[in-house]
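The values are calculated or read from the model by the stated rules, or taken from the named source; none is laboratory data. Please read these numbers as outputs of a predicted model, since none were measured by experiment. When we count neighbours, we look across all protein chains shown, and the Cβ atoms used for this are built from the backbone with ideal geometry, even at glycine. Remember, those area values only see protein heavy atoms, side chains included, never the ligands or the DNA or RNA. Shrake-Rupley method; radii C 1.70, N 1.55, O 1.52, S 1.80 Å.
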Amino acid sequence: MSRTVSSWILSSARNSTVLQGKGRLYSIYVPNRNKIKWKLLLSKTCLYPAGSCISSDTFSLKKAFRHTSTEEEHFSFQLSPSQINDILRAGELSHKILDLDGKNANSVLRFESNQLASNSPIEDRRSAATCLQTRGMMFGVFDGHAGSACAQAVSERLLHYIAVSLMSRQTLEEIELAVEGMKPVLPILQWHKHPNDVEYQEITSQYFENLRVYWQHLLDLDTELGFSLEEAMICAFKRLDSDISLEVQAPQENELMRNIALQVAFSGATACVAHVDGVHLHVANTGDCRAILGVREEDGTWSTLPLTRDHNAFDEFEIRRLKREHPRSEEKTLFVNDRLLGILMPSRAFGDVQLKWSKELQHSVLENSCNVEALNIYQYVPPNYHTPPYLTAEPEVTYHKLRSKDKFLVIATDGLWEMLSNEKVVDLVAGHLTELNVQKPQLAFEKPVNLGYMHSLLLQRKNRGTTSLDQNIATHLIRHAIGSNEYGEADPEKLAAMLTLPEDLARMYRDDITVTVVYFNSESIENHYGNN
């Protein structure tokens, strides 16, 4: 490791004032405030109550190479290229859509996803599922803050809420009759999960009961028309956030379930969910995750089409919205230091009841809860907290009709976008596609293949300077996000430095990163327009 890289990291770290105590980390100053969503409190406790924490191979490997000392003489960044690859690729997930009969081909060809932790444990989550009772596929990324509890709950539940919102009245009635008769319920979603993805097994039954209450509410609306897709996504986001708030207020005898409900409500999460059905693409966004399209123009060049806006203090629409919702006397205190009430970077999120409830309700819930300090939950009322709620989970929904030149969709948490621009991400994906095509093995040869011929191919590849390519595009993006040098190349030394930072420093230089890239089936999209 070059002395320059290590000296830069250590000198920056010494400018940070860090106070530790009782398993919590308070940070007064960090080199880049955009890397920290909650300025006052960074939780280092495990999401799960004592005795139920689930370990993950994804993170244990990385911890093995981390050091806690910040003294230069003890600071080491020794990782081999294979160790770097093992860390970067541990969270890879990919799924190819099968076309069994050649008819009504899915507009989604395949998707590839990955995530890399900065927090321990990681606060990001992701979801991908095929709708079984309605049409389409859904992909979501969820960026947690003040812990991973809210992101975990939203990643498990939100796609179900959207799917239920899209169901016909007849389907809802059939499902309700099955539940009433204690018969098997038709599956709603087919999940596409990574083996290390975790679930709240202890609270699954309660989540299902509240989902049932929601579909009963939809049946009570007594409407045959149902929701449009935009209405369904908005309704699902808002209803889930309402349920998160109500669950923690309801009496709960089971202490474990009570603790989970508290952690979910008092932490927070931003969310971005894409729904793809044929040529119809809807993206619902709450917070500062982001979705973009990679478009290949007729002349072969690539362009970027943003599908979301970052909901934060840098967005004029958000500033105006909040000013409309609160008295003029609060205009100067809504955003302080580019944060909502001086605390939160995103201006829309799930959970975060500290910025939604009245002071009295917060006090009542926490007063009646035992040992909230052990859960890293504290009642903190910011100055100028007069007219809550200041935060909403209502999403903005964007509709886009896919064209054959729309080649891929990238949805990611802000950890990626803090490091790479929209245009750079599209360039990296497009370049990766080109390299993959160049390096595809030839399955048919004009003459029999012998060892000498294969050896010559390998030598040609070596002479071209071609390195081992990440097969998963999400890994390729993460590699460049944390390891690119000034020439835009992945630098092994910088990668090693970023991957071996001590846990108390890592969050200052990079955020959790979660990326999902969805590739579209251009032929299927063209056929849609041809048939119509």
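Among the residues of region 459-482, those identified as open to solvent by less than 30 Å² (accessible area, probe 1.4 Å) and either modelled with pLDDT of 95 or more or under 20 Å from the mean Cα position of the chain (by Cα) (or both) are ASN472, ILE473, ALA474, THR475, HIS476, LEU477, ILE478, HIS480, ALA481, ILE482.
On the stretch given as region 245-275, residues that are open to solvent by 10 Å² or more (accessible area, probe 1.4 Å), under 22 Å from PRO346 (Cβ atoms) and in contact with a Pro (Cβ under 9 Å, 6 or more places away or on another chain) total 1. Residues in region 389-437 that are closer than 15 Å to VAL295 by Cβ and acidic (Asp, Glu): ASP406, GLU423, ASP427.
The residues of region 414-425 that are open to solvent by less than 30 Å² (accessible area, probe 1.4 Å) and of a type in the set (D, E, K, R) amount to a single one, ASP414. Take the conditions (1) more than 23 Å from ALA412 (Cα to Cα); (2) open to solvent by less than 10 Å² (accessible area, probe 1.4 Å); (3) of a type outside the set (Lys, Arg); LEU219 misses just one of them, which is (2). Counting only helices (runs of 4 or more DSSP H) that fall entirely inside region 492-532 and contain at least 1 residues that are closer than 30 Å to ARG110 by Cα and of a type in the set (S, T, N, Q), the qualifying elements are 522-531. Evaluate the following for ILE377: is it open to solvent by less than 40 Å² (accessible area, probe 1.4 Å) and part of a helix (DSSP H, G or I)? Spelling it out, it is not the case that ILE377 is open to solvent by less than 40 Å² (accessible area, probe 1.4 Å) and part of a helix (DSSP H, G or I). Scan region 471-491 for residues that are in a helix (DSSP H, G or I) and more than 25 Å from ASN437 (Cα to Cα) and jot them down. The one that is in a helix (DSSP H, G or I) and more than 25 Å from ASN437 (Cα to Cα): ILE482. Listed conditions (1) open to solvent by less than 20 Å² (accessible area, probe 1.4 Å); (2) in a loop (DSSP other than H, G, I, E, B) are all met by ILE411, apart from (2).
I'd like to check something: does region 257-279 contain any residue that is more than 23 Å from the chain's Cα centre (by Cα) and farther than 24 Å from LYS356 by Cβ? Within region 257-279 (the criterion being more than 23 Å from the chain's Cα centre (by Cα) and farther than 24 Å from LYS356 by Cβ), the answer is yes, since at least one residue qualifies. All told, GLY342 falls short of being surrounded by 24 or more Cβ atoms within 10 Å (Cβ to Cβ) and in contact with a strand residue (DSSP E or B) (Cβ under 7 Å, 6 or more places away or on another chain).
Residues checked against (1) modelled with pLDDT of 95 or more; (2) aromatic (Phe, Trp, Tyr); (3) open to solvent by less than 10 Å² (accessible area, probe 1.4 Å):
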residue	(1), (2), (3)
ILE97	no, no, no
LEU100	no, no, no
SER113	yes, no, yes
ILE122	no, no, yes
ALA128	yes, no, yes
GLN133	no, no, no
GLU173	no, no, no
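The set of residues from region 149-164 being out of contact with any Lys or Arg (no Cβ under 7 Å at 6 or more places or on another chain) and in contact (Cβ under 8 Å) with a residue 60 or more places away in the chain comprises ALA149, CYS150, ALA153, VAL154, ARG157, LEU158, LEU159, ILE162, VAL164.
Filtering ARG309, ARG320, ARG324 for residues that are at pLDDT 95 or above, within 25 Å of the chain's Cα centre (by Cα) and under 23 Å from THR398 (Cβ atoms) leaves a single hit, ARG309. Of the residues making up region 178-210, those that are out of contact with any strand residue (DSSP E or B) (no Cβ under 8 Å at 6 or more places or on another chain), open to solvent by 60 Å² or more (accessible area, probe 1.4 Å) and under 21 Å from GLU92 (Cα atoms) are PRO195, GLU199.
Among the residues making up region 321-335, those that are surrounded by 10 or more Cβ atoms within 10 Å (Cβ to Cβ) and assigned to a helix (DSSP H, G or I) are ARG321, LEU322, LYS323, GLU325, SER329, GLU330. Of the residues in region 351-364, at least one is part of a strand (DSSP E or B) and either of a type outside the set (A, V, I, L, M, F, W, C) or open to solvent by 20 Å² or more (accessible area, probe 1.4 Å) (or both).
Residues of region 498-519 include none that is in contact with a helix residue (DSSP H, G or I) (Cβ under 6 Å, 6 or more places away or on another chain), on the phi < 0 side of the Ramachandran plot and open to solvent by 40 Å² or more (accessible area, probe 1.4 Å). Filter region 382-404 for residues that are in a loop (DSSP other than H, G, I, E, B) and either among the small types (Gly, Ala, Ser) or open to solvent by less than 50 Å² (accessible area, probe 1.4 Å) (or both) and give the result. PRO382, TYR385, THR387, PRO388, TYR390, LEU391, ALA393, PRO395, LEU402, SER404 - these are the residues of region 382-404 that are in a loop (DSSP other than H, G, I, E, B) and either among the small types (Gly, Ala, Ser) or open to solvent by less than 50 Å² (accessible area, probe 1.4 Å) (or both). Set side by side, the residues LEU158, LEU211 differ, and just one is assigned to a helix (DSSP H, G or I), in contact with a His (Cβ under 6 Å, 6 or more places away or on another chain) and under 23 Å from LYS356 (Cβ atoms), which is LEU211.
Scanning region 290-303 for residues that are touching a residue at least 12 places away in the same chain (Cβ under 8 Å) and open to solvent by 40 Å² or more (accessible area, probe 1.4 Å) turns up ARG290, ARG296, GLU297, GLU298, TRP302.
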